[in-house]
Each structure stands twice: as structure tokens, then as C-alpha cells.
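Structure record follows, encoded as C-alpha cells.
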Amino acid sequence: MPAIKKRETTEWIKRVAASYGKRVGEIAYIFCSDEKILEVNRQYLQHDYYTDIITFDYCEGDRLSGDLFISLDTICTNAEQFATAYDDELHRVIIHGILHLCGINDKGPGEREIMEEAENKALAMR
């Protein structure tokens, strides 16, 4: 388990969700290895690659609900690659999943830039 300040992180996530007109419902954070996230990616999304996060969306109306599978191995690799603190990268990935639940995508044309801008705005709210 990563050392996360639960209360502060929960309040931050609630503020970010509220900025999108959303409320936080049940969100499960499943911290796992690269091997586990690859298994989930193959089984549920038919993708054969590692990733930092997979978000399963169970939202209803304005209430955010979902499962966030987060690879701590990839968080560590990304932190090294981008010369950023592990804690900062972990929070970026957590909020990335929350932003997906808020309806922001990052796979289509121009969407990655929108997601990055939303991540930066959310991280500034921390």
C-alpha cells in the first residue's frame, strides 16, 4: 500500500469531482503490480500492454463510482522517466482515473491535451 494521506486525498478528490458537478460515491483503488494490470488489461480490454491505470466506470447520474486498478510498478517507472517525485506521479495517476469517471477521455484526437490540462488543474487543487 502506498503511503497516502487518506483524509486529505479524499477531500481533494471530492473538490475535483465537485468542480465537474459530481459527487463521490464508491470508488475502489486497487494497487497492484505490472503483471496484474497486464492481466486485467488483457482479460477485460483485450489490450496486450502495461499501463499505469485502468478505470472501470460504474457511475450513475452525478455520483462517481468505479474501480481504479493502479500499477505501482509503472508509477515508479514513470516517476523516474519523467524525473518527478513518486508521490506526485501517484496522485497524478489517481486523479487521472477520477477524471475518467468525470467523463474526460484521452484516446481520441486532441483528448490527451485536454486530459493533461485537467490533470494539472486538479493537481493544483491539492
Quick one: Phe82 ticks every box in (1) over 23 Å from Gly25 (Cα atoms); (2) in contact (Cβ under 8 Å) with a residue 60 or more places away in the chain except a single one, so which number is it? (2)
What pairs come out if I take residues in the range 101-126 that are charged (D, E, K, R) and pair them with residues that are assigned to a helix (DSSP H, G or I) whose C-beta lies under 7 Å away, six or more apart or interchain? Asp106/Arg112; Asp106/Met115; Glu119/Arg92; Glu119/Ile95; Glu119/His96; Glu119/Leu99; Arg126/Trp12; Arg126/His91
Please give the number of the condition Ser65 fails out of (1) in contact with a Cys (Cβ under 6 Å, 6 or more places away or on another chain); (2) hydroxyl-bearing (Ser, Thr, Tyr); (3) under 19 Å from Glu116 (Cα atoms). (3)
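Every number in this text was worked out from the coordinates using simple rules, so none of it is lab data. Remember, it's a predicted structure, so these values are computed and weren't measured experimentally. Please note: Cβ atoms are built from the backbone with ideal geometry, for glycine as well, and neighbour counts cover all protein chains shown.
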